[in-house]
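Engineer: The structure follows.
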Amino acid sequence: EDTLYLHVRVGQIADGLFAVFISDMSEQRRFEAMRRDFVTNVSHELKTPAGAISLLAETIGDAADDPDAVKYFSGRIAKESERLTELVHRLIDLQKAQSAAAMLNAERLSVLSVAREALAENQVKAESKHIGLALSVNGRQVPAHADAGELAAESGQVLDVFVVADRETIKTAVKNLVENAINYSPERTTVAVGIGVENGKVAIRVVDQGIGIPAASLSRIFERFYRVDPARSRETGGTGLGLAITKHCVEDCGGTIAVWSREGEGSTFTITLPQAPDSQPDPQSDEARP
Ligand code: ADP
């Protein structure tokens, strides 16, 4: 990985005058190697469920007169197909996040509303593990989901925070973090999302009381297909792409992502984004004009 690749050319630039051109190809070589690894990983990840499906289909053919066996094998086929679909969706998400086209649809966003959407989309998953979802703005607890009425009553009391970004991109990032927090936490714990302004920047924090991440793995978890425990990740439907997608999403929006974690204690992922230039709607803006 740290090997230096030099491309050396010797050329004659005038009669009897030679020059040596040296260029550092290490970056390109590393990039090429990464691309190759990625293709290998994708093929492997796709081949596993695809292979399982054809094997199961064969088996089901042999067991056609045993209804219990048919039920069992068709269930397994359905699960493996789900896995394939999930993988393809994740690859598309990754492609989108990597293309950085996200910022073409940048708008002024309420971070509170995006966080609520991300939590709502994980509600069923959280309930299935009896995990509580909590939400706070600048340290003040607010309902994790609010209907329109509650939201109206709330406005003016809660100081929301705003960013300029593509809604779907930010939502994908927060949603992935909440989903991981649930996946890697034991039952009856809490996943808390905290949003606020810190040092002039918007911070979105996802805190869990889960299994944590070994110190040695912390620097690798944002890599595509990296998993601390592949078996466990597969059990929860993980693809190893979630955090890679999340990191790209955050960086597309001009932000950064950081992680703190201790095994057996839990993890905290923090997204930091530039604050929207004005915290109040600008009455002079074109939008405000009739
Ligand atoms: P996966 O689809 O496997 O969850 P991710 O890219 O989302 O892939 O995460 C990479 C790995 O980082 C996971 O397999 C898991 O080992 C670890 N991880 C991510 N989030 C958490 C968390 N909140 N708590 C503990 N481990 C986590």
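Values quoted throughout were computed directly from the atomic coordinates according to the rules given, and no laboratory measurement underlies them. Since the structure is predicted, the reported quantities are computational estimates derived from the model, not experimental observations. Note that each Cβ is placed from the backbone with ideal geometry, even for glycine, and that neighbours are counted across all protein chains shown.
Engineer: Can you tell me which aspartates and glutamates have their Cα less than 15 Å from the Cα of Lys125? Leave out same-chain residues fewer than eight positions away.
Structural biologist: List returned: Glu117, Glu179, Glu187, Asp208, Glu235.
Engineer: Quick one, can you get me the convex hull of the C-alpha atoms of segment 1-118 expressed as volume per residue in Å³?
Structural biologist: 240
Engineer: What are the lysines whose alpha-carbon lies under 24 Å from the alpha-carbon of Lys71, with same-chain residues fewer than 8 places away excluded?
Structural biologist: By straight Cα distance, Lys71 reaches Lys47, Lys79.
Engineer: Report the equivalent ellipsoid semi-axes for the chain in whole Å, largest first, defined as the square roots of five times the eigenvalues of the gyration tensor built from alpha carbon atoms.
Structural biologist: 37, 35, 19
Engineer: Here's a follow-up. To make sure I understand the rule: partners must be lysines, Cα under 16 Å from the Cα of Lys247, and not fewer than 8 residues away in the same chain. Which ones qualify?
Structural biologist: The reachable lysines, counting only those whose Cα sits under 16 Å from Lys247, are Lys96, Lys171, Lys175.
Engineer: Still on this structure, I have one more. By average Cβ neighbour count within 10 Å, what is the ranking of 219-227, 36-44 from highest down?
Structural biologist: 219-227, 36-44
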